[in-house]
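Remarks on the structure that follows.
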Amino acid sequence: MILEAGDEAAQVAIGRRLAEALEYRGIVYLNGDLGTGKTTLARGVLRSLGHDGAVKSPTYTLVEPYDLAAGRVYHFDLYRLGDPEELEFLGGRDMFADEALTLVEWPVRGEGWLPAADVVITLSLIDQGRRLVFEAGSDHGVQALQQMADTAWTFHDV
Ligand SMILES: Nc1ncnc2c1ncn2[C@@H]1O[C@H](COP(=O)(O)OP(=O)(O)OP(=O)(O)O)[C@@H](O)[C@H]1O
Ligand SMILES: [Mg+2]
């Protein structure tokens, strides 16, 4: 599935729909260069679970946990990860085993250690907006993308 988000609001709206379609659990990889809207998409996900505050890329802390009414979210940004094994020391194993919705920016940095994703999203720049290419990595991911595709038309309205 491919979606195009013409502006930041559309990017946030897609993040919201993704969270709902995944029923607030699963692992999502966010691939794409600097500035392609990974954190903005994560903000939409977090809004969907009821987080109203700021969302920053946890570039230095590598992970930001959120304990929200609708569930737990782990937001990873592995841009500055030196070695995938560092994820072990961060307590990554417990986080990934948790019943949570886990978002991972720069998953390539954790290759070899990270568990497989339910959904892989590859973001890129187009004109003023962003293109988001979605791929499923599990049955749970297939179901979520199917549900998003069924309602994708709503994104044209945001
Ligand atoms: N669909 C969109 N259309 C236009 N601008 C967007 C869109 N999505 C995000 N942006 C803008 O792009 C900029 C970068 O977004 P963001 O911080 O989410 O990128 P990122 O992929 O997380 O970058 P990094 O790799 O540095 O963490 C922000 O100013 C944001 O408002
Ligand atoms: Mg970011």
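The values are calculated or read from the model by the stated rules, or taken from the named source; none is laboratory data. Since the model is a prediction, treat every value here as computed from it, not as a measurement. Reconstructed Cβ throughout: ideal geometry from the backbone, glycine too, with neighbour counts over all protein chains shown.
Only strands (runs of 3 or more DSSP E) wholly contained in the range 1-90 count here; list those with 3 or more residues that are more than 17 Å from Val120 (Cβ to Cβ) and away from ligand 2 (no atom under 12 Å from the Cβ).
Numbers: elements: 2-5, 26-31, 63-68, 71-77.
Result: 63-68, 71-77.
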Near pairs, Cβ below 6 angstrom, 6+ apart or cross-chain, from the range 33-52 (on the phi < 0 side of the Ramachandran plot and near ligand 1 (Cβ under 7 Å from one of its atoms)) to any residue that is part of a loop (DSSP other than H, G, I, E, B) and of a type in the set (Ser, Thr, Tyr)
Thr39/Ser57
Counting only residues in the range 91-115 that are touching a strand residue (DSSP E or B) at 6+ places or on another chain (Cβ under 9 Å) and part of a helix (DSSP H, G or I), the one surrounded by the fewest Cβ atoms within 10 Å (Cβ to Cβ) is identified as Val108
Hey, can you tell me all the residues within the range 115-143 that are under 14 Å from the mean Cα position of the chain (by Cα) and either over 17 Å from Gln11 (Cα atoms) or of a type in the set (D, E, K, R) (or both)?
Ala116, Ala117, Asp118, Glu135, Ala136, Gly137, Gly141
Residue pairs qualifying under the 7 Å Cβ cut-off, at least six apart or on distinct chains, with the first in the range 6-31 being within 16 Å of ligand 1 (Cβ to nearest atom) and the second being of a type in the set (Lys, Arg) and assigned to a helix (DSSP H, G or I), are Val12/Arg43; Val12/Arg47; Gly15/Arg43; Arg16/Arg47; Leu30/Lys38
Number of positions in the range 116-133 that are surrounded by fewer than 20 Cβ atoms within 10 Å (Cβ to Cβ) and either modelled with pLDDT of 95 or more or basic (Lys, Arg) (or both)
9
